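Contents: one structure, followed by commentary.
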Amino acid sequence: MGTKRLGWDPAKYVEFGDFRNRPFFDLTARITASAPRRVVDLGCGPGNLTATLARRWPGARVQGLDSSPDMVAAARGAGAEGARGTPDDAGTRLPGNLAFELADIRGWVPGQDTDVVVSNAALQWVPGHQELMSGWLRGLPEGAWLAVQVPGNFGSPSHTLMRQVAQSPRWRKQLDGALRHQDAVWEPGQYHELLLRGGARADVWETTYSQLLPGSRPVLEWVRGTGLRPVLQALGGRDGREFEAEYSALLDEAYPAGDFGTLYPFRRIFMVGQKQ
Ligand SMILES: C[S@@+](CC[C@H](N)C(=O)[O-])C[C@H]1O[C@@H](n2cnc3c(N)ncnc32)[C@H](O)[C@@H]1O
């Protein structure tokens, strides 16, 4: 998938930073490597979270890889601004052991010194990532870690309603195939088996975060930064706004604003394997 075409917007993405960052820490807390040689973050986005890996393992060469030029530029520039929205905000410079690369996950292969591979909230954009994961496990050295988190919320109203509007006669033609990536994610048990078949010890779980979002129409704002981008990209300005108005009215019903904000439950699937 051409992620450049989908136009990731780093500033939009870091909105709701705490909710987006927390799964990364919940995931990487389960990696107990003490002195990895090389650590790779696949689909690193704006790089603020990759920087926390470089600080956690100062002796490792840490590499963030992303196919969006805007994301990689933001990641490389983060040294000037500081890593926004992370528990590591104290760091105002990129750690010296950290580098970012513009590359597609689909072409990446592990090196013999790759001891940790992390991919947080990225592989759902890569149909067929399961095959890639099996290949990475084959190529990784013994003892290496593979830690992946993907959203498991494609059955939630924010996504079913998006598909419902996209498949309506008004939009069907223009949006044919735009949301295809949403079929890409498996259930936890299937990933569990994949890791075991790849010769890894496996730790797989799911968490539904009960996210209380502030502001007006926050679910629309949330998906604008991620799942809705392919739709907006395919439709462009005026049609995009028309689609959003239709979709947003349905979201208002599905996620009514309450006294304390808007609850947006979000399911995520986590898997951590250590190659035996
Ligand atoms: C939702 S963001 C996650 C960013 C970061 N991992 C985080 O947790 O904040 C998904 C990222 O995956 C990247 N991405 C999607 N498909 C990719 C591919 N095929 N190759 C490399 N990066 C990809 C996007 O450019 C985007 O930056």
Exercise. Restricting attention to region 104-134, which residues are within 22 Å of residue 51 (Cα to Cα), small (Gly, Ala, Ser) and within 13 Å of the ligand (Cβ to nearest atom)?
Worked result: 119, 121, 122
Problem set entry | Extreme residue, modelled with the highest pLDDT, among residues of region 80-98 that are within 15 Å of the ligand (Cβ to nearest atom) and under 20 Å from residue 147 (Cβ atoms) | 98
Exercise. If you go through region 49-64, how many residues are free of Cβ contacts under 8 Å to residues at least 40 places away in the same chain and open to solvent by less than 20 Å² (accessible area, probe 1.4 Å)?
Worked result: 3
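From the list 210, 248, 216, exactly one residue is surrounded by fewer than 19 Cβ atoms within 10 Å (Cβ to Cβ) and either basic (Lys, Arg) or closer than 21 Å to residue 120 by Cβ (or both). Which is it?
210
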For this session: Determine whether residue 154 is modelled with pLDDT under 95, surrounded by 14 or more Cβ atoms within 10 Å (Cβ to Cβ) and within 16 Å of the ligand (Cβ to nearest atom).
Result: yes
Problem set entry | Cross-chain or 6+ apart pairs with Cβ under 9 Å, region 65-77 first and more than 14 Å from residue 99 (Cα to Cα), then hydroxyl-bearing (Ser, Thr, Tyr) and near the ligand (Cβ under 9 Å from one of its atoms) | 67/3; 68/3
Exercise. Tell me, which residue of region 14-33 that is within 15 Å of residue 264 (Cα to Cα) and among the aromatic types (Phe, Trp, Tyr) is least open to solvent (accessible area, probe 1.4 Å)?
Worked result: 16
Seminar exercise, completed: Of the residues in region 227-240, those that are within 25 Å of the chain's Cα centre (by Cα) and either open to solvent by 50 Å² or more (accessible area, probe 1.4 Å) or aliphatic (A, V, I, L, M) (or both) come to 228, 231, 232, 233, 234, 235
Problem set entry | Residue identified as modelled with pLDDT under 95 and open to solvent by 20 Å² or more (accessible area, probe 1.4 Å) among 106, 138, 163 | 163
Exercise. Quick one: which of 233, 130 is of a type in the set (S, T, N, Q) and within 29 Å of residue 31 (Cβ to Cβ)?
Worked result: 130
Exercise. Quick one: how many residues across region 34-44 are open to solvent by 10 Å² or more (accessible area, probe 1.4 Å) and within 16 Å of the ligand (Cβ to nearest atom)?
Worked result: 2
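The values are calculated or read from the model by the stated rules, or taken from the named source; none is laboratory data. Not measured: the values here are computed from a predicted model. FYI the Cβ positions are ideal-geometry reconstructions off the backbone, even for glycines, and counts take in every protein chain you see. These area figures cover heavy atoms from the full protein model, side chains too; ligands, DNA and RNA do not enter into them. Shrake-Rupley method; radii C 1.70, N 1.55, O 1.52, S 1.80 Å.
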